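The values are calculated or read from the model by the stated rules, or taken from the named source; none is laboratory data. What you see is a predicted model, and the numbers here were worked out from it, not measured in a lab. Ideal geometry is used to build each Cβ from the backbone, glycine not excepted, and the neighbour counts take in all protein chains shown.
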Amino acid sequence: MNNPIETENQKLLQEAPAPQRATKRQRDYQQIGIYKDVNPLDWEDWHWQLKHRIRTREVLSQIIRLTPEEEKGIERAKGKLSMAITPYWATVMDAEDPNCPIRRQAVPVVQESIATAHEMTDPCAEDRDSPAPHLVHRYPDRVLLLATEACAMYCRHCTRRRLVGESSHQQADSADRFDAALEYIRQNRKVRDVLISGGDPFILEDEEIENLIRKVREISHVEFLRIGTRVPVTLPQRITEKLVQMLKKYSPLWVSIHFNHPKEITRRTKIACDMLSDAGIPLGSQSVLLKGINDRPYIMKKLVHELLQVRVRPYYIYQCDPVRGTQHFRTPVSVGINIMEKLRGHTSGYAVPTYVIDGPGGGGKIPVGPNYILSQAKGKYVLRNYKGKIYTYLE
Ligand SMILES: *Cc1c(COP(=O)(O)O)cnc(C)c1O
């Protein structure tokens, strides 16, 4: 067998003595009754994982003990952003604890059906800044291309929930659906950076991804190409050797991965990240600040430290956008600022992301953080450092 994932998995299984086979953060899937007879080759097959996603209360209740809030949430979420959980993700969820950070990101709760004041359908006004289907052009030199509406798992805090998800009568994706977007990029020579996101682009078949990347790469003024994904976290089996070898051909290509909690960095996810890194693909992380999930400085610090260990550079922490039905996830801005205060200076600069608020109404990402400039006068800056000590810099 020369599939590197399988080889690596075999190695991991052999290294660990039998009683400790399950990784520290994951249940062994055979421990979950409904998966106990699944062939390991099926388990490692990303199409199998997708096909067997948990989409109903009945199936989920065989894996975790559901609360009434969750049961009602699942019923009410029947629509666009309905529940979809990969069997892999199910092995990371805590069966008993409804506050498990992995579980809360995946299982709808009844609070999602409450829309509060200030919440919007499209808080970042992406639809307004869309010059062509599937394209958002906000900044002068870069565009966002939405490759698909589907994801491996539907995050309950999704900011693009107006678009993302699966409708019951999904129309087949036509190969020419990006023609207008690509033509727009071709005509705009200022666009030097194309961010392919969605949905999750890695949910598409290798050939579809390659067709799109190739067409973007062919545009001579596009220097920088990146893909936004959560697949290494929600469906790490998707990162196959074949996918990685294809991506490698289009270097320089960067990948931004949505990571929110240290529990997400399982051995399996590390393998996926290693495969991407080993192919020379630089990795960054983007996290959403979520109440009760990663809103404590020690958790965020653990996350960024573990990310560096799997060669992922923390890039952004987003304030949770005021999108409808997400109030239960939102923290005050001061919580994010305090997290930044506890990171900068206290740990490696490489571990410190930028905390941003996406300006509601289409302002773009605005950095917010502790203030280190105490006063500024002609030729003189009064600054404080991470310990609160004051320093004067004379120009
Ligand atoms: C986030 C985003 C980008 C990329 O922004 P960077 O700060 O360069 O990562 C581009 N376009 C849109 C619409 C975005 O939301």
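Miscellaneous remarks
- Among the residues making up the range 110-145, those that are touching a His at 6+ places or on another chain (Cβ under 7 Å) and more than 10 Å from the ligand (Cβ to nearest atom) are Gln111, Pro131.
- Residues of the range 364-387 that are without any contact (Cβ under 8 Å) to a residue 60 or more places away in the chain and within 16 Å of the ligand (Cβ to nearest atom): Lys365, Ile366, Pro367, Val368, Gly369.
- Test: residue in the range 190-201 that is closer than 24 Å to Arg160 by Cβ, touching a Phe, Trp or Tyr at 6+ places or on another chain (Cβ under 6 Å) and of a type in the set (A, V, I, L, M): no
- Members of the range 35-55 found to be in a loop (DSSP other than H, G, I, E, B) and surrounded by 12 or more Cβ atoms within 10 Å (Cβ to Cβ), listed by number: Val38, Glu44, Asp45, His52, Arg53, Arg55
- Candidate set: the range 370-388, residues that are charged (D, E, K, R) and within 22 Å of Thr347 (Cβ to Cβ); chosen: the one surrounded by the most Cβ atoms within 10 Å (Cβ to Cβ): Arg384
- Residue within the range 161-177 that is modelled with pLDDT of 95 or more and buried (at least 17 other Cβ atoms within 10 Å of the Cβ) present: no
- Residue in the range 82-90 that is crowded, with 18+ Cβ neighbours inside 10 Å and within 16 Å of the ligand (Cβ to nearest atom) present: no
- Among residues that are in contact (Cβ under 8 Å) with a residue 12 or more places away in the chain, within 26 Å of Lys190 (Cβ to Cβ) and β-branched (Val, Ile, Thr), Val143 is included.
- Meets criteria (in contact with a strand residue (DSSP E or B) (Cβ under 9 Å, 6 or more places away or on another chain), within 30 Å of Lys51 (Cβ to Cβ) and of a type outside the set (D, E, K, R)) for Ile227: yes
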